[in-house]
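Below is one structure, written out as structure tokens, with a few remarks after it.
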Amino acid sequence: MHSPTSTEAPTAATTDPLGRERAHLAASRAALTAMREDVEALDLRDVAGTWVSAQVLQKQIDERIKALADLAHTPLFFGRLDYLHAISEAESEGSGGERFYIGRRHVHDADGDPMVIDWRAPVSQPFYRASRTEPMDVAKRRRFGYTGGELTAYEDENLSDPDEADTRSALLAAEIEKPRVGPMRDIVATIQPEQDEIVRADVTGTICVQGAPGTGKTAVGLHRVAYLLYAHRERLARTGTLVVGPNRSFLQYIEQVLPALGELDVAQATVQELVGHVEIRGTDSAETARIKGDARMARVLRNAVRAGIALPTEPCVVVRGSRRWRVPAYELEEIVRELMDREIRYGAALEALPQRIAHAVLVKMEQGGEAPDDRVQDAVARNAAVKATVKACWPAVDPVKLVHRLLSDAAFLAAAADGLLDADEQAALLWAKPPRSARTAPWSAADAVLIDEAADLVHRTPSLGHVVVDEAQDLSPMQYRAVGRRCTTGSATVLGDLAQGTTPWATGSWQEALHHLGKDGAHIEELTQGFRVPGEVIAYASRLLPAIAPGLAPATSVRDLPGSLALRHVPDGPDRLDDAVLDACREALRHEGSVGLIAADARVPALAAALTAAGLPHLDPGTETTADARLTLVPASLAKGLEYDHVVLDEPTAIVTGEPDHRTGLRRLYVCLTRAVSGLTVLHADPLPAELGGS
């Protein structure tokens, strides 16, 4: 049986297997360089017909050049499949199998023959799904190990050999556990079968992933985007793709994953950036924000938008030349009622109403012996009498001014919220001191979502082809609606963990969330096997689950790292806690990889000053770490979605008490406890929360 991992120095490339693989890597890199040079050498002067077409072509070429970049420290291929039988037409007449190198992008030689196959291609799928029980016609699966971009080892699994023992991949484990410095890494070399099923799910369907910490749900979502762009490039290039994250720090953390996979044209935004209709200058209490995020607000806004509609009581008289054409009030009422009953967008009805009135005038003109055409109808639609009737029956609505009035005018709010919100809820929505204008209003983040809803009621929001929304458990129903209307004709990938919901309006169930998103019936997948967080750490954090998410099964981990969890009580009280934290940071920095110091938001300024005084350079969340600066100071409120090799957690009780309620505080703590990839050190002067076993 072949040794699982081979690291012997090569003797000659023609006889040594490792040498041959290194030679193929060098040849593949040279071929990629040649592909890039071919694109760079293209001359558009005799191809483009106009300046505009030349600019379009040049942009496409520039994007192609970027996609063909050879990332020096990123392996060009990470695996190899040796098939038992030929699967391509070119080799179908032969008796032997075929060999494919699996990597991040397609690379071909000068003759067009593939040297590296894109991991998203159908022929690559068995690399992730083949097993000894279902080898999928694969004789051998080979994984490669790299150090600093250099191929240093390989490991074989002879899937069709019944005599070979089924052992855990040492290289796979090493890749999963590799220390990380810098932004979030892709997981393309380590995708597991259950993850691959999610990645390759059909583009027409929405999928929701409930993922425990460390299960790779974020990376799975990003790889799904990369796969869909590969499999449905033309369709999604036309309709667009979007990744929605909880905050800008998180988006900075993940932004390098897609470019590493050769995908550059994926927009990234927070929910707040999606609904950026006004400048945010104010904040809401937790209760007010909860009400503004409630799905009932959609009906309140609909009522408010349509509040100005009035049935006509006077006829519309249009004067053209020496003749007067009269549309009686009852006929105008029929037109208005029909538009109301059709439930089309308010703005679309406003545009249709003058044309409908003008058409009624044209009918009367024809009955009077005239022969008007479309130009006459357009002229009648612009007539002052028609405009006056439209303004009286169906006045224009400005979404920003509408929400301003709703939050300022108690009577207007009461009429719109009748039967939907009680008196106390209405009172919570109203500004204590109404601003003079919408421009000076102290808009909050929740207000911007209300304005976005109103804007969609007036004019339909354009839909994208696919939207990925991460940390979705923290969205309010109104925020779900804001995301959902951006994929009404497309699909979505929803990622989150109910146990990590840290807002007062956090999602109670994925079925409820998908309903607000407009994707009822979407498939829900649960990932419970962790690949990042050590088993000892996740088991400790899972003590909180009965209190924060009693319906969820505890996560497990494939990684058993004894000693990965350290609990340290500082007996001399809070005055010595800062010194203990500094010592723990120094200890963590002696290890390879990134270090995160996570603390309650209120503790961050004091810890930042202590780190500076101690000469320990530290970064803000989302800032890329370097060899000289590997320590990041992370407020608990920004820890979600981030991960570090070693985490120092300051005063858990302060994290819990820093939230509006106890359950939200425990959920925030659960998030913070599960950010470590290799080791977690918890320091506390106060007793630990009782749910952790307190001390």
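So how much slack lies between LYS364 and THR623, counting 0.36 nm per residue of separation and subtracting their Cα-Cα distance, in nm? Kindly include the intermediate steps, with their values, before the conclusion.
Numbers: separation 259, 0.36 × 259 = 93.24 nm, distance 6.96 nm.
In short, 86.3 nm is gained.
For the ranges 542-555, 212-225, what's the packing order if you count other beta-carbon atoms within 10 Å of each residue, average per peptide, and put the highest first? Provide the component values of the computation, followed by the final result.
Numbers: 542-555: 16.6, 212-225: 25.3.
The packing order, highest mean first, is 212-225, 542-555.
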- Contact order relative to length of the chain, as percent, for alpha carbon pairs under 8 angstrom and 6 or more apart: 13
- Inter-site label distance for ASP418 and ALA432 at 7 Å from Cα along Cβ, in nm: 3.1
- Note on the structure: For the chain, the accessible surface attributable to carbon and sulfur atoms (probe 1.4 angstrom, ligands and nucleic acids excluded) amounts in percent to 51
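Given the rule -39500 (n - 2.57) for each run of at least 4 DSSP H residues, summed and divided by the residues of the chain, what is its mean residue ellipticity at 222 nm, to the nearest 500 deg cm²/dmol? Could the numbers behind the result be given before it?
Values: 28 runs with 276 residues, N = 695.
Calculated mean residue ellipticity at 222 nm is -11500 deg cm²/dmol.
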- Query: Taking the Cα atoms only, what angle lies between the long axis of helix 329-341 and the longest principal axis of the chain, rounded to 10 degrees?
  - Reply: 10
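Full extension from THR239 to ARG324: what is 0.36 nm times the residue separation minus their Cα-Cα distance, to one decimal in nm?
Details: separation 85, 0.36 × 85 = 30.60 nm, distance 4.87 nm.
My answer for the length gained is 25.7 nm.
For the ranges 567-577, 528-538, what's the packing order if you count other beta-carbon atoms within 10 Å of each residue, average per peptide, and put the highest first?
528-538, 567-577
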- Item | Anchor LYS387: aspartates and glutamates whose Cα lies under 13 Å away (excluding residues fewer than 8 positions away in-chain) | GLU351, ASP378
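Let me check against my output: what whole-number percent is the relative contact order of the range 443-493, with C-alpha pairs under 8 Å and at least 6 apart?
Numbers: 43 pairs, mean separation 24.5, N = 51.
The normalised contact order for the range 443-493 reaches 48 percent.
Rounded to the nearest 0.05, what FRET efficiency is calculated for ALA352 and ASP163 with R0 set to 51 Å and r the Cβ-Cβ distance?
Numbers: r = 75 Å, r/R0 = 1.47.
Result of the calculation: an efficiency of 0.10.
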- Query: Modelled label-to-label distance, ALA286 and LEU57, 7 Å Cα→beta-carbon offset: nm?
  - Reply: 6.1
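May I ask what percent, to the nearest 5, of DSSP beta bridges between residues of the chain are antiparallel? Before the final figure, lay out each step's value.
Values: 25 of 71 bridges.
DSSP beta bridges in the chain are roughly 35 percent antiparallel.
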- Using a simple spin-label model with points 7 Å from Cα along the Cα→Cβ vector, what separation in nm is obtained for GLU333 and LEU42? 6.4
- Matching label, mean projected area of the Cα convex hull in nm² computed from the structure shown, candidates (1) 45.5; (2) 41.6; (3) 34.7: (2)
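Kindly flag which residue pairs out of LYS59/LYS401; LYS292/LYS519; LYS292/LYS640; LYS519/LYS640; LYS59/LYS640 have an alpha-carbon separation exceeding 28 Å in this structure. Could the numbers behind the result be given before it?
Values: LYS59/LYS401 40 Å; LYS292/LYS519 22 Å; LYS292/LYS640 24 Å; LYS519/LYS640 25 Å; LYS59/LYS640 36 Å.
Listed pairs above 28 Å: LYS59/LYS401; LYS59/LYS640.
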- Show which lysines lie in cross-link reach of LYS140 when reach means a straight Cα distance below 29 angstrom and same-chain residues fewer than eight apart are skipped. LYS178, LYS217
- Query: Efficiency by 1/(1 + (r/R0)^6): what FRET value for ARG296 and ALA539, r their Cβ-Cβ distance, R0 = 45 Å, to the nearest 0.05?
  - Reply: 0.65
- Can you tell me the FRET efficiency between ALA610 and ALA566 if r is taken as the Cβ-Cβ distance and R0 is 30 Å, rounded to the nearest 0.05? 0.90
- Query: How much length is gained if the chain between GLU134 and ILE524 is pulled fully straight, taking 0.36 nm per residue apart and subtracting their Cα-Cα distance, in nm to one decimal?
  - Reply: 137.9 nm
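The values are calculated or read from the model by the stated rules, or taken from the named source; none is laboratory data. All values reported here derive from a predicted model rather than from experimental measurement. So basically every Cβ, Gly included, is an ideal-geometry build from the backbone, and we count neighbours across all protein chains shown. What goes into the accessible areas is simple: the full protein's heavy atoms, side chains included, and nothing from ligands, DNA or RNA. Shrake-Rupley method; radii C 1.70, N 1.55, O 1.52, S 1.80 Å.
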